[in-house]
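To start, the structure under review is shown below, and the notes come after it.
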Amino acid sequence: MTGAETGRLPPGLGATYEGGDAVLLERLVEVVDYLEVTPDSMAARTGEGMHLSGQVLDELRIVAGEGTGIVAHGVGLSIGSASGWGEHYLRLLDELFQALPVRWHSEHLGYMTVDGEPLGTMLTLPRTEEALELVCRRVTALQERYPAPFLLENIVRMLPDADADYDEAGFLNELCKRTGCGLILDVYNLECDAHNHGFDIDGFFDALDFTAVRELHAAGGVELDGMRLDVHSRELEPSTLALAARAAAAAPGLWGATYEFLPEAIPVLGHDVIVHQVQRLAASLEPA
């Protein structure tokens, strides 16, 4: 049965773009509906502090004017840090919204600093009522500050779970219920957690309210010493594509599915392979 016969169309397709690669950009806009950009990665230091690269903004203005959507996906907000979040990231996001028509923006549901000191990585939040209330307040502040919808993404567990008031799905469900924000479901992150910590993906899918899922992330990574790493540097595995298809079928309000890759991986993958991954993701999400 086709999408037209079911009355449901496939989600839009997106890919990471960090700027500075005109050939890749030209290839991507032929196969994607939107580009997912990271303000942190677009920033450069000037005499007045960190600001978005004018060159990258010019690239994005051109493709946005030709119909390619722009969505923002941040890294540096540290929305779950008890001692305060990243004001420097908010200033970059302010610049991005002033310069471009951002369809939606998102962040990782985690924290990167403790008492203002950087951890050098990103950690998952304790799923406690206190942490939930903190994140809800900050989500509400973001929704009041910016005109576009806001989404949060599940991240990979680096450490065993602490004592919790909610399970994984329950925490996400309650967060979306209280704030009205949406979710990015990163299916590769789920696979990492299943491999590394025995995470029950089936149980999570059964308990998650998929009506809040607005975007999917899919990536390919590597293993090191038996650990599956959240390093976006490889082609999509068939298992990742199958999980993305399963999630897409369960999410009635899905806007898009994004193939993610690090800039450092471009020479390893090559432009042809990157474009092919977007096409493979698109094919996997076509309604049966």
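The values are calculated or read from the model by the stated rules, or taken from the named source; none is laboratory data. Keep in mind that what you see is a predicted model, and the values were worked out from it rather than measured. Every residue, glycine among them, receives a Cβ derived from its backbone with ideal geometry; neighbour counts consider all protein chains shown.
Data for the structure
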| quantity | calculated |
| --- | --- |
| Subset of region 82-112 that is of a type in the set (S, T, N, Q) and surrounded by fewer than 23 Cβ atoms within 10 Å (Cβ to Cβ) - its residue that is farthest from residue 126 (Cα to Cα) | 98 |
| Count - residues of region 134-153 that are without any contact (Cβ under 8 Å) to a residue 24 or more places away in the chain and not in a helix (DSSP H, G or I) | 0 |
| Restricting region 36-51 to residues that are part of a strand (DSSP E or B) and touching a Ser or Thr at 6+ places or on another chain (Cβ under 6 Å), the residue that is surrounded by the most Cβ atoms within 10 Å (Cβ to Cβ) | 36 |
| Segments classed as strands (runs of 3 or more DSSP E), wholly inside region 210-250, with at least 1 members that are of a type in the set (S, T, N, Q) and in contact with a Gly (Cβ under 9 Å, 6 or more places away or on another chain) | 227-234 |
| Restricting region 86-108 to residues that are among the aromatic types (Phe, Trp, Tyr) and either over 18 Å from the mean Cα position of the chain (by Cα) or closer than 15 Å to residue 42 by Cα (or both), the residue that is modelled with the highest pLDDT | 97 |
| The listed residue being among the hydrophobic types (A, V, I, L, M, F, W, C), surrounded by fewer than 22 Cβ atoms within 10 Å (Cβ to Cβ) and under 15 Å from the mean Cα position of the chain (by Cα), out of 213, 231, 156, 222 | 231 |
| Number of the condition not met by residue 253 [criteria: (1) part of a helix (DSSP H, G or I); (2) of a type outside the set (Asp, Glu); (3) exposed (fewer than 14 other Cβ atoms within 10 Å of the Cβ)] | (1) |
| Any hit, region 234-242, residues being under 18 Å from residue 108 (Cα atoms) and among the β-branched types (Val, Ile, Thr) | no |
| Close pairs from region 174-198: first touching a residue at least 24 places away in the same chain (Cβ under 8 Å) and farther than 23 Å from residue 144 by Cα, partner among the small types (Gly, Ala, Ser) and assigned to a loop (DSSP other than H, G, I, E, B), Cβ under 7 Å, at least 6 apart | 188/219 |
| Enumeration of residues in region 256-271 that are surrounded by fewer than 17 Cβ atoms within 10 Å (Cβ to Cβ), without any contact (Cβ under 8 Å) to a residue 60 or more places away in the chain and part of a helix (DSSP H, G or I) | 264, 267, 268 |
| Positions within region 100-133 being in a strand (DSSP E or B) and either more than 15 Å from residue 153 (Cβ to Cβ) or without any contact (Cβ under 8 Å) to a residue 24 or more places away in the chain (or both), in sequence order | 102, 103, 113, 114, 117, 118, 119, 120, 121 |
| Region 116-153 - residue that is surrounded by fewer than 20 Cβ atoms within 10 Å (Cβ to Cβ) and of a type in the set (S, T, N, Q) and, of those, farthest from residue 75 (Cα to Cα) | 128 |
| Unique match (being part of a loop (DSSP other than H, G, I, E, B) and either at pLDDT 95 or above or acidic (Asp, Glu) (or both)) among 71, 32, 63 | 32 |
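Table: residues versus (1) out of contact with any helix residue (DSSP H, G or I) (no Cβ under 6 Å at 6 or more places or on another chain); (2) on the phi < 0 side of the Ramachandran plot.
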position	(1), (2)
169	no, yes
173	yes, yes
198	yes, no
224	yes, yes
231	yes, yes
